[in-house]
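Please treat every number below as a calculation from the coordinates, not as lab data. Keep in mind the model is a prediction, meaning the values are calculated, not measured. Here the Cβ positions follow ideal geometry from the backbone for every residue, glycine too, while neighbour counts run over all protein chains shown.
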Amino acid sequence: MEIVCPAGTPAALRAAVKAGAHTIYCGFADETNARNFPGLNFDREEMREGIAFAHQHGSKVLIAINTFPRAGSEAIWHRAVSDAESCGADAVILADIGLLDYAARNHPGLRRHLSVQAAAANADVVNFYASEFGVKRVVLPRVLSVPEIAAINADTEVETEVFVFGGLCVMAEGRCSLSSYATGRSPNMNGVCSPASHVEYHDEGGVLDAKLGGYTIHRVGKEESAPYPTLCKGCFTAGGKEGHLFEDPVSLNAEKLIPQLDKAGVTALKIEGRQRSRSYVAQVVKNFRAAVDALDAGLPMPEGMLARLSEGGAMTTGAYKKTWR
Amino acid sequence: MELTVGPNQFFWSADRWSSFYDDLAKAPVERVSLGELVCSKRLPFYDDRIPEAISTLVEAGKQVALTSLALVTLKRERKLTAELVEMGVEIEINDLTAISYLPEGAQFSVGPLVNVYNEGTLDWLKRRGAIRVCLPPELPLESVQALAAKGADLGLVIEAWGHGRLPLAISGRCYHARRHGRTKDNCQFACEEDLDGLDVRTQEDKPFLTMNGVQTLSDSYACAVHQIDILRDAGVSALRLSPQSNGFMELCAIYRRVLDGTVTPEQSVNDIIALDSNTRLSDGFLTGARGVDWSGASA
């Protein structure tokens, strides 16, 4: 199986390549990609050099252009697709219908992957993206169980890529405007979710409040650490019941499901975390590479290597197990 | 400007559902989109009522469209969606899956849950057979204006979100079931008691979101009365009102009066609040810094 690794910086890209990543994904330093964070991502020259470095070492590079172009400003996104091709990218990862159509018509030789932000969640729509826009691979949304992924692969020739590690969207990706409702900035339009610019911590009388957009979504005692206030992982009350109504502050770890995902026909395993440090990326890549190499050699899976890398240690296999729903 | 009524997003009993559409036949709206948008498990409870509701509305002179599901994952849901296009009624797609079942060249309309953010997307939809597009409620006014202009060039009818709790997210997980310690597959229809969804409050007990099974809505009711003139000038030709359990027919009448210019937007806000004094309004996606913001006087 192919390991697809994040790189938020040229240094992380080189670290991932050296750690054995088959494929790296990254984005330009602007609003065209869904990890548009300060200090992250690649200018055009860095992208060209990064791709050349990866190719010298036998790795591929995918460029995510996976926000939804703003009306009146599509040229910014069109230029990103054109520059991805001239930088030598092995594929672009796109979500927007208009941009897919543009890329298919104007850059037919540039391989197109469908971003998770398009939330293509069944074989019929996957095949539709393939026939309309020549999509060769689809990154599946994190709403599907392993048997549902197998059912999709049984009914399509399009390659599938699934997330196995890192941050976990609870909502169907690309179909969530919780963040812009509370802060005005969203994944679809701005490439950010629950942005740090709208986070405040208030410490009063031994109680620490973590707020996003003025809404307190975590409240802990002074001795505890408050998790980052990501909206869908906040603590809320509904009908007199308090708790993490949408999702606990957990991250995804599907390392134990790798053999099942392989049987389900998945082509590539994706690691989330373009905002992560190069040492984190290198360590995760090494572990997943070891796991897929063991799988290919018919050896047992190495286990539990990644627990300490996850946010606060709490992990889930998410929608891959049907009971998550 | 026309008024469109979007599909009911909540789980209502079959009798409540039927009587809502009987009443709607008499309401001053031009167009109704109905059917199940949110959860395929709800549909068997009222699907036999749909043909009658359609004929009642058509006889009353309304245009009618059937919505597709917002998220199609299961084989059963693929089948349901494929069967929709065989009913001989215009389809409002709310997920691209539905287009894949339409014969090439068949006309359809596009609902607010399809990601239409730019001119290129409108252009592609038009080429595939779209005749009408309700824009996603997240769009700022500048985008609505640009897309309405493009829609006019393409001959597409452009609709904007007018009133109702905002559909903010859809998930594979059912939050109503989770709240009751159940899973989606064993939900026992935990959502059926909440006719307008269940309030989700923050740690300081501020109303914030609304839980509706696999869907998450805003607590506030989006309300575009203050932007009607500017939307009309931009070329938006319809406003969408989203069903609520109380006072909805009067709400339609209020919007009709604003569109006709017989009451001011300010007066209409008072009328809307009078329907339910607990209603919080927002229009921040159109004109504010954030979606929850409201440009009017605070209630």
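Phi-derived couplings, Karplus 6.51 cos²θ - 1.76 cosθ + 1.60 at θ = phi - 60°, listed residue by residue for the stretch B:254-268: 4, 5, 4, 5, 5, 4, 6, x, 8, 10, 7, x, 4, 5, 5 Hz, with x used for Gly and Pro. Taking A:238, A:54, A:196 as the candidate residues, the one with maximal mean-square fluctuation in a Gaussian network model of chain A, Cα springs under 10 Å, is A:238.
As a proxy for reagent exposure, B:240, A:289, A:276 were ordered by neighbouring Cβ count within 10 angstrom, fewest first; the result is A:289, A:276, B:240.
Note on residue B:106 and residue A:155: the model spin-label points, each 7 Å out from Cα along the C-beta direction, lie 1.6 nm apart. For chain A, a Gaussian network of Cα nodes joined below 10 Å ranks A:19, A:64, A:226 by mean-square fluctuation, and the top entry is A:226. Spatially, the stretch A:1-62 and the stretch B:116-193 are offset by 33 Å when compared through their Cα centroids. Computed over the stretch A:178-243, relative contact order equals 21 percent, with contacts defined as Cα pairs under 8 Å that lie 6+ residues apart.
Using only side-chain charges placed at the Cβ, +1 for Lys and Arg and -1 for Asp and Glu, the dipole size of chain B relative to its Cα centre rounds to 800 debye. Label point of residue A:314 set 7 angstrom out along Cα-Cβ; within the stretch A:188-222, amide nitrogens under 14 Å from it belong to A:217-221. Mean sequence separation of contacting Cα pairs (under 8 Å, at least six apart), scaled by the length of chain A, corresponds to a relative contact order of 21 percent. The modelled label-to-label distance between residue B:297 and residue B:48, using points 7 Å beyond Cα along the C-beta direction, is 5.2 nm.
The slack between residue B:153 and residue B:26, meaning 0.36 nm per residue of separation minus the straight C-alpha distance, is 42.3 nm.
Towards the positive end of the charge dipole of chain A, with charges on Cβ (+1 Lys, Arg; -1 Asp, Glu), say which of A:267, A:71, A:108 has the farthest Cα. Among A:267, A:71, A:108, the one farthest towards the positive end of the dipole of chain A is A:267. By other beta-carbon atoms within 10 Å, ranking B:264, A:9, B:279 with the fewest at the front produces B:264, B:279, A:9. Out of B:172, B:261, B:155, any idea which swings most in a Gaussian network model of chain B, alpha carbons joined below 10 Å? Result for chain B, Cα springs under 10 Å: B:261 fluctuates most. Dipole check for the protein assembly as shown: with +1 at the C-beta of Lys and Arg, -1 at the C-beta of Asp and Glu, and the Cα centre as origin, the magnitude is about 1520 Debye. Sequence-distant contacts, meaning Cα pairs under 8 Å at least 6 residues apart, place the relative contact order of chain B at 19 percent. Placing a label point 7 Å from the Cα of residue A:299 along the Cα-to-Cβ direction, no residue of the stretch A:46-78 has a backbone N closer than 13 Å. Evaluated at q = 0.05, 0.10, 0.12 Å⁻¹, the base-10 log of the normalised Debye intensity for the protein assembly as shown, with identical point scatterers placed on the Cα atoms, takes the values -0.21, -0.87, -1.29. Largest first and in whole Å, the equivalent-ellipsoid semi-axes of chain B read 26, 25, 19, each the square root of five times a Cα gyration tensor eigenvalue. Distance between the modelled labels on residue B:278 and residue B:246, one decimal in nanometres: 0.6 nm (7 Å Cα→Cβ projection). The distance from the alpha carbon centre of the stretch A:221-265 to that of the stretch B:72-99 is 32 Å, rounded to a whole number. Seen from a random direction on average, the alpha-carbon convex hull of chain A projects onto 17.2 square nanometres.
Once you mark the GluC sites (Glu not before Pro) that are in a DSSP loop and have at most 12 other Cβ atoms within 10 Å, what is the longest gap between them in chain A? Maximal segment without exposed cleavage sites: A:1-156.
For the protein assembly as shown, DSSP calls about 35 percent of its internal beta bridges antiparallel. For the stretch A:178-243, the Cβ-based charge dipole about the Cα centre amounts to some 300 debye (Lys, Arg positive; Asp, Glu negative; other atoms uncharged). Ranked for footprinting exposure by Cβ neighbours inside 10 Å, fewest first, B:255, A:25, A:228 give A:228, B:255, A:25. Within chain A, helices built from complete DSSP H runs that reach 24 Å or longer along their own axis (Cα positions) and carry a mean Kyte-Doolittle hydropathy of 0.0 or higher are A:278-296.
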